[in-house]
Amino acid sequence: MNLYQVEMDSKTFVDRPLKADPEAVLREFKNEFGKTKVTNITARKLIDFRKRFFGEPGTELTSCFIPDWKELPPKIAQIKDKDLRLFALFLNRRWKDLCRQVRNETLLFKEAIIRGHTSIRIKIIKIEDPRRNSLIEVPHPFIVPGGRFREFYYWDAYWIVKGVYFRFGFVPNGGRIYYLRRSQPPFLIPMVYEYYEATEDIKFVRENFDHLVREYEFWVQKRSVKVEDKNGNKHIAYQYRTTSNVPRPESFRADIQAALEIGENERQKFFQNIASAAESGWVFSSRWFRDRKTMKTIETTNVLPVDLNALLCWNVNILKYFANIIGNAQKAEEFEKKGRDAWKTLNAIFYNDTGKAWFDYNLRTKSHEVLFYPTVAMPLFTGCYTMLDYDKSAKVINFMNRLHVFDYPSGIPASLSNTGQQWDFPNGWPPLQHIIIEGMRKSDNPEAQEMAFKLARKWILANYKIYNTTKKMWEKVDVNGTIPKPGAGGEYDVQDGFGWTNGAILDLLVTYRDRMTIRGTDQTVRCYISKRYVYAAHFTIECM
């Protein structure tokens with residue numbers, strides 16, 4: 001189906017539910033096409049077959065009710081600027097549009113065997129024959145990013161990942177079975193930390209501590225590598241390295257087309273590097289390309305990403321904190337040591353004295369690529385530097401200033417390389433803006449803190465313009481120009497929704513609720529469209 005491009009997007013086909021059991025559909029497919037050469041099959045016949053045996057993507061899900069959703073959350077009510085408060089209310093209402101749950105659910109109990117010896121009874125969902133769709137079934141409602149991303153994703157929601165972990169021993173990339181051979185950046189432990197900070201639910205931490213430890217151990221056991229620093233000291237570092245060496249089902253045609261330029265003996269490694277880049281979330285970026293330009297030189301498995309290593313450093317520090325508050329002194333001591341080791345690794349392997357910042361490390365060249373990516377600020381975001389490094393936040397800012405990355409009118413680009421890939425220039429991504437802003441805000445450097453506010457204001461106003469003109473929230477934007485356009489490039493059209501866009505902006509609006517304002521800005525910011533009223537949520541604002 002995807003080879004003949006019967007769908008504009010390969011993901012559409014693998015998301016379609018079957019109308020009959022898999023055996024019956026396969027039998028009918030063999031009857032109709034089994035004796036026909038692939039080159040003689042027509043797209044028209046494939047489309048007819050699809051219509052008979054496949055349903056519409058997303059029909060196995062339904063919208064849902066969020067029981068604790070509030071029309072006016074207290075923290076949003078505290079936003080002083082009226083226009084931004086209305087903007088926040090609009091974003092808050094979008095969670096209702098993005099809530100999904102599996103249809104026709106029947107709760108069952110299933111024995112989940114963890115590591116071959118721990119038996120845990122968990123709730124799962126049965127939808128007719130679960131083999132009729134590609135969903136990873138979960139018993140509770142969840143938030144989807146939006147657009148083509150119809151299922152949950154690791155980056156976007158933590159309240160569903162516990163049940164998924166019981167079955168698979170790690171948190172997969174997303175809520176489809178074709179994601180089971182890769183994960184995504186390990187944010188589960190920080191998510192639980194955010195939950196605990198908001199609720200002080202120590203019982204939840206105590207009940208889930210062992211599962212959080214096992215999530216961390218997945219990365220230690222499956223994604224770690226030994227590396228020597230310039231002094232010959234050995235360190236444990238981490239990389240994105242999936243076992244998959246075939247085209248991604250959700251991007252089958254794109255991967256096949258990309259592999260045409262690759263020698264047959266090298267294609268399995270090529271596909272592994274593609275899948276490993278997908279595990280990083282950066283699909284795709286010049287970060288992973290040997291020549292910094294073209295997909296055919298992708299070498300993800302040669303790269304030690306600084307952001308992944310800083311994130312896992314944060315993971316162990318949180319686990320140490322959790323071990324202390326639940327009274328597990330042995331684990332607290334263990335993670336204390338792991339935290340020290342992780343800090344040493346970040347500074348010995350990833351810090352570059354010339355660039356004065358942290359950079360990805362290449363195993364092939366045994367060196368850094370001293371190029372700008374927002375990941376240079378990741379150790380600031382995760383707090384994986386000590387008071388002895390207090391000047392490093394200033395040095396990171398100086399590095400970015402020298403490259404003029406703060407000069408773009410609508411945010412910070414994902415890189416300075418215009419490759420046509422979506423995680424490169426000129427696209428600005430919400431999580432990357434948030435990481436840089438929060439990293440600088442949490443530092444002890446007043447200059448960094450002030451820069452964080454300016455960047456937050458720039459990003460909020462850029463998205464406010466988009467909201468006023470289109471009533472959409474894009475997954476990424478073009479940071480060029482004072483009137484932001486949707487981001488472009490990559491394998492699919494820009495998506496509206498959008499989970500992490502809304503979440504990052506809401507967090508910044510609440511963080512700067514006493515200070516952030518659009519008053520005094522150019523009139524085009526407040527009332528960009530040439531109409532008498534701009535609609536925000538269910539309110540109106542008169543344009544003066």
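The figures follow:
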{"item": "The range 353-407: relative contact order in percent, alpha carbon pairs under 8 Å with at least 6 residues between", "result": "37"}
{"item": "Stokes-Einstein D (µm²/s) once Rh is taken as the Kirkwood radius of the chain over alpha-carbon pairs, at 20 °C in 1.002 mPa s", "result": "86"}
{"item": "Under Karplus coefficients 6.51, -1.76 and 1.60, residue-wise ³J(HN,Hα) of the range 57-63 in Hz, glycine/proline x", "result": "x, x, 6, 7, 10, 9, 5"}
{"item": "3J(HN,Hα) from dihedral phi, the range 6-11, Karplus parametrisation 6.51/-1.76/1.60, rounded to Hz, x for glycine, proline", "result": "6, 10, 5, 10, 4, 5"}
{"item": "Amide H contacts of ARG182 (H built 1.01 Å from N, under 5 Å, at least 5 apart or other chain)", "result": "ASN173"}
{"item": "Within straight-line cross-link reach of LYS80, lysines at Cα separation under 18 Å, skipping those fewer than 8 residues along the same chain", "result": "LYS454, LYS458"}
{"item": "Cα-Cα P(r), the range 10-59, percent of pairs per 5 Å interval", "result": "4, 20, 27, 27, 17, 5, 1"}
{"item": "Rounded to the nearest 20 debye, dipole of the chain from Cβ charges on Lys, Arg, Asp, Glu", "result": "760"}
{"item": "Average Cα contact separation per residue, the chain, under 8 Å, 6 or more apart, as relative contact order %", "result": "13"}
{"item": "Charge tally in the Cβ shell below 10 Å around PHE406, where Lys, Arg are +1 and Asp, Glu are -1, PHE406 excluded", "result": "+1"}
{"item": "Alpha-carbon centroids, the range 311-356 and the range 383-443: separation in whole Å", "result": "23"}
{"item": "Cα→Cβ-extended label distance, 7 Å offset, between LYS344 and LYS269, nm", "result": "3.3"}
{"item": "Shape call, the range 240-303: gyration tensor on alpha carbons, a/c limit 1.5", "result": "rounded"}
{"item": "Residue-by-residue Karplus 3J(HN,Hα) for the range 87-98, coefficients 6.51, -1.76, 1.60, Hz, glycine and proline x", "result": "4, 4, 5, 4, 5, 4, 5, 5, 4, 5, 6, 9"}
{"item": "R0 of 41 Å, Cβ-Cβ distance LYS45-LYS366: FRET efficiency to nearest 0.05", "result": "0.15"}
{"item": "Under 28 Å from LYS45, Cα to Cα: lysines that are on another chain or at least 8 residues apart", "result": "LYS11, LYS19, LYS30, LYS35, LYS37"}
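Bear in mind these aren't lab numbers, they're just calculated from the coordinates by the rules spelled out. Just so it is clear, the structure is predicted and the values come from calculations on it, not from any experiment. Please note: Cβ atoms are built from the backbone with ideal geometry, for glycine as well, and neighbour counts cover all protein chains shown.
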